[in-house]
Amino acid sequence: MARQVGTALQIVLIAIALAVAGALVAYLGFPTYFDLVQRLFPQVSETETFWSWIDWSYLLLTLAIVLPIAAFGGVWLSRRIVVPLLEVARAIRAVAAGDLSARANPHIKGFGESARLVEDFNAMAERLERAEAELRYSNSAAAHELRTPLTILKGRLQGVADGVFTLDDDLVSLLIGQVDGMTRIVEDLRTLGLFNAGTLELSVIDTDLAAIVHAATNLSADALRTKSITLHLDLEPAPVAADPARLHQVVLALIDNAMRYAPGKPLSISTKVEHGHAVLTVTDSGRGLSPEALRNAFEPFWRDEESRARDKGGSGLGLSVVRAIAHAHDGQVRSENLPGHGARFTVTLPAPKARFTMENGFV
């Protein structure tokens, strides 16, 4: 198999070839130039030798000057182009071998495209390393969240088998509660996984966000009373083309978040259409969000330091699922603190172009 010529050597050879081509053009074009001079200036003497030693000296001197310059320029050019490519190739091999911290040297100077290639690769490698770290953390957190209910289930069932516990209604309710908790975690993980893979399926229909909120609050009425939460609704028609089941999941997650962090405080939920978007606002009257919570509230498995306990902090997936579902609908979600106290979560979804009326629905 023939040995391939390196890119740097190819650039040098091409530069030399161009220099030789320039010299040949000068050599072959000189007779034409001389003939033109004789025609324009017939008084010029024709007795001298056509190619005198001066002419040859001129040509050789030209080559002696042009060739080193071309070779030096080719080497310099090849280094500015090839060295960044070699550095990126080295970093790629390191990443392929499992070292996600590998980076191309950003101090290597290169021309436009090659310099941008180094920057783009380093940005990609950084995102890849961060994604891999988040995956490891998510796997560890998921295992941690599932370990507790599994331990309770195993311990109680083992106790029943050993005759320590009696399988009465209270124990059955406890076991069912643990299974329900694991089911929610698994479903939330499934939703996030499908969204991250770009395969979260939505059964989109024309619906009203206000009707979805009304149904979700009715379902949560008993839980809200248990937490001594007074609910205030301000539901204006808010038409959306969306998956009602997913939006129902969003509303329940936001209500659950308020019950965990602002028990015994009033809760306000409103819907409206604003600037061509359907807007859902959930406002509690708790202590508000810490600066760290404002930055990380929608990250999977994140909990504020003050709410690490499972009885208050939950699984840490609810708000991340809210964000995933909102983004899947081409919408947005944001959190903010209210002046004085309380936190507000706002979900904004594109409203359909169809006209909506309370009496006739979509028309």
Fill in: Index of the failed condition, residue 242 passing every other in (1) open to solvent by less than 10 Å² (accessible area, probe 1.4 Å); (2) free of Cβ contacts under 8 Å to residues at least 60 places away in the same chain
(2)
Item to complete: Would you mind telling me which numbered condition in (1) under 30 Å from residue 134 (Cβ atoms); (2) free of Cβ contacts under 8 Å to residues at least 12 places away in the same chain residue 222 fails?
Response: (1)
Item to complete: Mind telling me which of the residues 324, 328 ends up being of a type outside the set (Asp, Glu), over 26 Å from residue 291 (Cβ atoms), surrounded by 17 or more Cβ atoms within 10 Å (Cβ to Cβ) and modelled with pLDDT of 90 or more?
Response: 328
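Just for the range 196-229: of the residues that are among the hydroxyl-bearing types (Ser, Thr, Tyr) and touching a Leu at 6+ places or on another chain (Cβ under 7 Å), which one is surrounded by the fewest Cβ atoms within 10 Å (Cβ to Cβ)?
217
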Practice prompt. Check off (1) outside any loop (DSSP other than H, G, I, E, B); (2) out of contact with any helix residue (DSSP H, G or I) (no Cβ under 6 Å at 6 or more places or on another chain) for residue 263 and give me the number that stays unchecked.
Written response: (1)
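The values are calculated or read from the model by the stated rules, or taken from the named source; none is laboratory data. Being a predicted model, the structure only gives us computed values, none of them experimental. Ideal geometry is used to build each Cβ from the backbone, glycine not excepted, and the neighbour counts take in all protein chains shown. Ligands, DNA and RNA are stripped out before the accessible areas are found, and what is left, the full protein with its side chains, is counted by its heavy atoms. Shrake-Rupley method; radii C 1.70, N 1.55, O 1.52, S 1.80 Å.
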